[in-house]
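Heads up, the thing below is written out as structure tokens.
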Amino acid sequence: MDVKMVAPFVDAFFEILLQYGFSKVKRGNLSLKDKLLATNEVTAFIGLSEDIRGIVAFSMNQETAKGIASMMMMGVPVEEFDEMAQSAISEMANMVTGCASIGLEQNGLSVQISPPTLIVGNNVRGRLSRVKTLVVEVLTEVGMVEINVGLEM
């Protein structure tokens, strides 16, 4: 997989978080996994089809998810990761992936995205794809988010 295919997702993540008032967003480590696994407490994933096929997954611990949900809800405190907070994380994944898809389409690639699916829980392990997956850590003021991109061209 070409690293250039991951950049639109990272760029879109930065753009969306900055729109919601995040001020400390920076890229962390980049790594490669043999397959896409959901191992954190909260993972929102979206399927991609058309010219690009695969999955993008946004994975984080529950405290980070609550912090992101709070920022998306204009600073309303999120004490528990309830339906409203879960909806906020799903919507964040949808907005980021939609924004990245627009960027990819501007480069001549047709992309369709599925509705987001959210996996929540401790000790949950799910293999989402067997495709090699690039993982970009993004550090924010509320915690770290892994952006996992597993694509087939």
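For the stretch 19-43, what are the residues that are aliphatic (A, V, I, L, M), at pLDDT below 95 and either farther than 22 Å from Val120 by Cα or in contact with a helix residue (DSSP H, G or I) (Cβ under 9 Å, 6 or more places away or on another chain) (or both)?
Val25, Leu30, Leu32
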- line: Residues of the stretch 66-115 being hydroxyl-bearing (Ser, Thr, Tyr) and loosely packed, with under 12 Cβ neighbours inside 10 Å, in sequence order, are Ser110
- prompt: Got a sec? Which of Glu137, Glu146, Glu105, Glu79 is of a type in the set (Asp, Glu), more than 21 Å from Gln19 (Cα to Cα) and either touching a Ser or Thr at 6+ places or on another chain (Cβ under 9 Å) or part of a helix (DSSP H, G or I) (or both)?
  reply: Glu105
message: Conditions first: (1) hydrophobic (A, V, I, L, M, F, W, C); (2) at pLDDT 95 or above; (3) out of contact with any Asp or Glu (no Cβ under 8 Å at 6 or more places or on another chain). Cys99 passes all but one, so which condition is the exception?
response: (3)
message: Looking at the stretch 30-57, I want the residues that are at positive phi and touching a residue at least 60 places away in the same chain (Cβ under 8 Å) and have a partner that is loosely packed, with under 13 Cβ neighbours inside 10 Å and outside any strand (DSSP E or B) with Cβ atoms under 6 Å, at least 6 apart or on another chain. Which pairs are those?
response: Glu50/Ser110
message: Scan the stretch 1-21 and tell me whether some residue there is under 16 Å from Gly150 (Cα atoms), free of Cβ contacts under 8 Å to residues at least 40 places away in the same chain and surrounded by 12 or more Cβ atoms within 10 Å (Cβ to Cβ).
response: yes
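Every residue, every condition in (1) modelled with pLDDT under 95; (2) β-branched (Val, Ile, Thr); (3) touching a helix residue (DSSP H, G or I) at 6+ places or on another chain (Cβ under 7 Å), yes or no:
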{"position": "Gly103", "(1), (2), (3)": "yes, no, yes"}
{"position": "Asn107", "(1), (2), (3)": "yes, no, no"}
{"position": "Asn122", "(1), (2), (3)": "yes, no, no"}
{"position": "Arg127", "(1), (2), (3)": "yes, no, no"}
{"position": "Val131", "(1), (2), (3)": "yes, yes, no"}
{"position": "Val142", "(1), (2), (3)": "no, yes, yes"}
{"position": "Val149", "(1), (2), (3)": "yes, yes, yes"}
{"position": "Glu152", "(1), (2), (3)": "yes, no, no"}
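The values are calculated or read from the model by the stated rules, or taken from the named source; none is laboratory data. Everything numeric here is computed off the predicted structure, so don't read it as measured data. Note that we place each Cβ from the backbone using ideal geometry, even for glycine, and neighbour counts take in every protein chain shown.
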